[in-house]
2 protein chains.
Amino acid sequence: MPINNLTIKLPKNEIPRVWYNVLPDLPEPLPPYLTPGNVPVEPQALAAIFPPALIEQELSTKRHFDIPEPVVEALSRWRPTPLTRAVGLEKALGVRSMIFYKNESVSPSGSHKSNTAMAQAHFNKIAGIRRLATETGAGQWGTALAIAGQYFNLDVRVFMVRVSLQQKPYRKTIMNLMGAEVLSSPSTVTNAGREAIKNDPDTLGTLGLAISEAVEEAASRSDTNYSLGSVLNHVLLHQTVIGQEIKKQLDIAGVKPDYLIACHGGGSNFGGMAVPFVPDVLSGQKINLIAAEPESCPSLSKGKYGHDHGDVAGLTPLLPMYSLGKDFQPPAIHAGGLRYHGASPIVSSLVKSGIVVPETVGAYELFQYAKIFSRTEFVIPAPESAHALAVTCRKALELEKEANPGVLVFVLSGHGLLDLSAYEDYLSEQPEKE
Amino acid sequence: MPINNLTIKLPKNEIPRVWYNVLPDLPEPLPPYLTPGNVPVEPQALAAIFPPALIEQELSTKRHFDIPEPVVEALSRWRPTPLTRAVGLEKALGVRSMIFYKNESVSPSGSHKSNTAMAQAHFNKIAGIRRLATETGAGQWGTALAIAGQYFNLDVRVFMVRVSLQQKPYRKTIMNLMGAEVLSSPSTVTNAGREAIKNDPDTLGTLGLAISEAVEEAASRSDTNYSLGSVLNHVLLHQTVIGQEIKKQLDIAGVKPDYLIACHGGGSNFGGMAVPFVPDVLSGQKINLIAAEPESCPSLSKGKYGHDHGDVAGLTPLLPMYSLGKDFQPPAIHAGGLRYHGASPIVSSLVKSGIVVPETVGAYELFQYAKIFSRTEFVIPAPESAHALAVTCRKALELEKEANPGVLVFVLSGHGLLDLSAYEDYLSEQPEKE
């Protein structure tokens, strides 16, 4: 097999020029978003918080959207991202399978979130918006939007989940450094925040609650729109650059994937990787698409499929998705980006139709593999991304029982340089020899 | 001018294949290293702590050394590094000059230190050494050697300057994650450390003292060698890949540099950038080579030229260099990598002969420019690297008085993702609008 280089890079001119919309190719049409009165949401109802282009992308069944030139230019600062064969990891595990990782950590924010942040900032800018409000869990999304706001000259206010702010104070520093304002959520500047504090002054906060705060703020100010880092169709659409590039890179490597694995919180990095391969699966190619989620917040594995709000206060439409219930309070795990009660409607639909399979991972297992990966690939995975890594390693080890091992690809959605307190906790329980 | 891309990348096969040794080209021969009795040090005296190949590189006047294939392979994981035109920074400053930065932060350790760490680990490995002892200030060098030790299968013990360990605890986490053992310096495992604690239990520690500890340990154990991250000739030799690549990249851009600027602590990133251009300067090309150092630790600007020890305990030979005196205790500035009393003998010689000019930078000025750079280039500079950035901005602004602006190149020696506490201190004194 013609793999001479460990890393498959694409030239700049191979940056995808279109986003792929999976909606027309889903086995079952996506059920509509509903109002609390169970009436399908009208596009204009979303206009209070989203610009027209993003509403169109959210609801359209057009198969492709051209990526506007200013967004291509922004993406070209770090894309195409490398696909690397983790030869050191394969050796350390002692497996015959090939393991590749798509390295989204090379973006300015250190994660895949920049792919959609740049797009959303652009579409808001051309719609005359001056200011964006958003939420962030682990801080990767808030960082990405702070940078995109700076790049496209928009002010950004970030509601950051309280427990994540405590765990990762330097995420706030980065967002401030990039010019964004950061408030701890629940905050006292919104009704949703004040209500939550009244109910439980010691609440850890949740992503669902921070969404309520940002939506409330955007809906009440005409110069401000809301920006969401995951879950919605238009966010997954922007992330399809990941899967499109993986396809080209695997073609260059001359291999077909048996497993494509990404972590799943709201679903954007998983969806961005997976949906460009859905037509291949539907046409009979055997590809295992696995969504890795935390044992302690297993929305796809243990959630109920139906309509539920995307936020705690019930300000968002009811989305057709797997959900643990909007009031579910996940424990304070390190992978703050995966602490979400719901799931992407698109990914939910793919799980429902059996095209995507979820698997859960516990904290000990993921840090164990993250340590091996750090010592063989010299990139420290974000705890979120380590969920995908752990499932990949697990599968590669299982495949050793088979006559023919496989080709496994996972998305390293972000680096863990701002998650070292999580690693410190793990290492202090698993001390090195002195 | 044919600059269509902001970033000039070189293909993998353009990784330098030789290291350039400036010793035969220095205007004045480098004075010998001396013993405390003022006798030139014999090569075999260094054999207790260094492998033969590194001793040869330290003392030889051979102009080029081939880079061994395993080291090229290691470097090819991240080299050649990009040279990027900082168009956003130029605009923010309102200057007509072109500003380029050589981005060494893309290495596995996040800094230029990996260039020499890989080389030193290789030469120790082939000499049969099993274990390396070293010191680290800001932690960049310790991280780089931890990774190189992991890569070449060597154990690593790092003596980390106490004040840096307190300022940047997560540097220890990374080193541990990469398999290295980290001790706070002064430690109780060496005579030098115990002596320092006895003299001042509250000492902040210094790089010079941490060097004493690592040298003492290496000299007293046959399986262990010492590894130094800067100052010495062989370290600068390994770093010449930086300057060699810059030359090629500027040729591709079709420009000649007027200013080449890097920060100077022990001198390795400055030397690595500058020395490949020394023959050009000697043949009459007008290039300003500027070493940026902290106001509070101005070894080149305010130090005395002569022979001095590289460490506090006087275990190293007397080196011909500018020095503030081996007992100089710099204040606890954020740029821990620049808290060194001495300077590279090679850079000292170049300063003495007027080829290199030092300039000092204060903390306020450097964070001010680091903020602008972060918001225009979306890379957060290490505080050390921000010294080079600040001098570059200062020069670009000065050049506005001239009819013809210039071409300025600086080395972004490392990223600041593990220095966010320093940025937090700066931002909290310079709060953003709320």
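The values are calculated or read from the model by the stated rules, or taken from the named source; none is laboratory data. Owing to the predicted nature of the structure, the values given are computational and were not obtained by experimental measurement. Using ideal geometry, Cβ is built from the backbone for each residue, glycine included, and neighbour counts are taken over all protein chains shown.
Worth pointing out:
- Test: residue in the range A:29-39 that is part of a loop (DSSP other than H, G, I, E, B), more than 14 Å from chain B (Cβ to nearest Cβ), buried (at least 22 other Cβ atoms within 10 Å of the Cβ) and touching a residue at least 60 places away in the same chain (Cβ under 8 Å): yes
- Selection of the range A:213-240 for residues being in contact with a His (Cβ under 9 Å, 6 or more places away or on another chain) and part of a helix (DSSP H, G or I) yields only A:Gln239.
- Residues within the range A:247-271 that are in a loop (DSSP other than H, G, I, E, B) and of a type outside the set (Val, Ile, Thr), tallied: 8
- Taking the range B:82-99 as the range and being β-branched (Val, Ile, Thr), closer than 18 Å to B:Leu397 by Cβ and within 14 Å of chain A (Cβ to nearest Cβ) as the test, only B:Val87 passes.
Residues are listed down the side, and each one gets a yes or a no for (1) out of contact with any His (no Cβ under 9 Å at 6 or more places or on another chain); (2) closer than 23 Å to A:Leu260 by Cα:
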{"residue": "A:Ala291", "(1), (2)": "no, yes"}
{"residue": "A:Gly306", "(1), (2)": "yes, no"}
{"residue": "A:Ala313", "(1), (2)": "yes, no"}
{"residue": "A:Tyr322", "(1), (2)": "yes, yes"}
{"residue": "A:Arg339", "(1), (2)": "yes, yes"}
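- Filter result for B:Ser353 (hydroxyl-bearing (Ser, Thr, Tyr) and out of contact with any Gly (no Cβ under 9 Å at 6 or more places or on another chain)): yes
- Of the residues making up the range A:182-212, those that are among the hydroxyl-bearing types (Ser, Thr, Tyr) and part of a loop (DSSP other than H, G, I, E, B) number 5.
- Of the residues making up the range A:378-429, those that are of a type in the set (Phe, Trp, Tyr) and touching a Leu at 6+ places or on another chain (Cβ under 7 Å) are A:Phe410, A:Tyr423.
- The one condition in (1) away from every other protein chain (no Cβ under 12 Å); (2) of a type outside the set (S, T, N, Q); (3) under 19 Å from the mean Cα position of the chain (by Cα); (4) not in a strand (DSSP E or B) that B:Ile147 fails to fulfil: (1)
- Under the condition of being crowded, with 22+ Cβ neighbours inside 10 Å, free of Cβ contacts under 8 Å to residues at least 40 places away in the same chain and among the small types (Gly, Ala, Ser), the residues counted in the range B:138-186 number 3.
- The lone exception for A:Gly265 - which of (1) within 17 Å of the chain's Cα centre (by Cα); (2) within 22 Å of A:Ile8 (Cα to Cα) it fails: (2)
- Test result for A:Glu58, in contact (Cβ under 8 Å) with a residue 12 or more places away in the chain, more than 22 Å from the chain's Cα centre (by Cα) and either surrounded by fewer than 17 Cβ atoms within 10 Å (Cβ to Cβ) or more than 30 Å from A:Ile99 (Cβ to Cβ) (or both): no
- Looking across B:Glu359, B:Glu384, one residue alone is closer than 22 Å to B:Ser230 by Cα and touching a Cys at 6+ places or on another chain (Cβ under 6 Å). It is B:Glu384.
- Among the residues of the range A:15-28, those identified as surrounded by fewer than 17 Cβ atoms within 10 Å (Cβ to Cβ) and touching a residue at least 40 places away in the same chain (Cβ under 8 Å) are A:Arg17, A:Val18, A:Asp25, A:Pro27, A:Glu28.
- One residue from A:Ser107, A:Ser76 being surrounded by 17 or more Cβ atoms within 10 Å (Cβ to Cβ), on the phi < 0 side of the Ramachandran plot and within 11 Å of chain B (Cβ to nearest Cβ): A:Ser107
- The set of residues in the range B:368-423 that are over 20 Å from A:Leu177 (Cα atoms) and among the basic types (Lys, Arg) comprises B:Arg394, B:Lys395, B:Lys401.
- Checked against (1) in a helix (DSSP H, G or I); (2) touching a Phe, Trp or Tyr at 6+ places or on another chain (Cβ under 7 Å); (3) buried (at least 24 other Cβ atoms within 10 Å of the Cβ), A:Gln244 passes all but condition (3).
- Check on A:Lys102, without any contact (Cβ under 8 Å) to a residue 40 or more places away in the chain, more than 14 Å from chain B (Cβ to nearest Cβ) and either surrounded by fewer than 24 Cβ atoms within 10 Å (Cβ to Cβ) or in contact with a Leu (Cβ under 6 Å, 6 or more places away or on another chain) (or both): no
- A:Gln44 passes every criterion in (1) in contact (Cβ under 8 Å) with a residue 12 or more places away in the chain; (2) surrounded by fewer than 17 Cβ atoms within 10 Å (Cβ to Cβ); (3) polar (S, T, N, Q) apart from (1).
- Picking from residues in the range A:150-171 that are within 19 Å of the chain's Cα centre (by Cα) and within 11 Å of chain B (Cβ to nearest Cβ), the one that is farthest from B:Glu377 (Cα to Cα) is A:Lys168.
- Residue in the range B:187-219 that is farthest from the chain's Cα centre (by Cα), counting only those that are surrounded by fewer than 18 Cβ atoms within 10 Å (Cβ to Cβ) and charged (D, E, K, R): B:Lys198
- Strands (runs of 3 or more DSSP E) wholly inside the range A:51-139 that include at least 1 residues being in contact with an Asp or Glu (Cβ under 8 Å, 6 or more places away or on another chain) and at pLDDT 95 or above: A:83-85, A:98-103, A:131-136
A quick yes/no check of all residues on (1) under 27 Å from A:Val156 (Cα atoms); (2) crowded, with 24+ Cβ neighbours inside 10 Å:
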{"residue": "B:Pro381", "(1), (2)": "yes, yes"}
{"residue": "B:Ser385", "(1), (2)": "no, yes"}
{"residue": "B:Asp425", "(1), (2)": "yes, no"}
{"residue": "B:Glu429", "(1), (2)": "yes, no"}
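- Beta carbons closer than 7 Å, at least 6 apart along the sequence or on distinct chains, pair a first residue in the range A:354-366 that is within 12 Å of A:Ser296 (Cα to Cα) and buried (at least 21 other Cβ atoms within 10 Å of the Cβ) with a second that is at pLDDT 95 or above and of a type in the set (A, V, I, L, M) for A:Val361/A:Ala292; A:Val361/A:Ala390; A:Val361/A:Val391.
- Tally of residues being at pLDDT 95 or above, within 19 Å of the chain's Cα centre (by Cα) and in a helix (DSSP H, G or I) across the range A:350-365: 2
- Consider the range A:390-434 and keep the residues that are within 18 Å of A:Ser107 (Cβ to Cβ) and at pLDDT 95 or above. The one that is nearest to the other protein chains (Cβ to nearest Cβ) is A:Leu417.
- Residue within the range A:369-377 that is within 20 Å of A:Ala335 (Cβ to Cβ), more than 10 Å from chain B (Cβ to nearest Cβ), out of contact with any strand residue (DSSP E or B) (no Cβ under 8 Å at 6 or more places or on another chain) and crowded, with 20+ Cβ neighbours inside 10 Å present: yes
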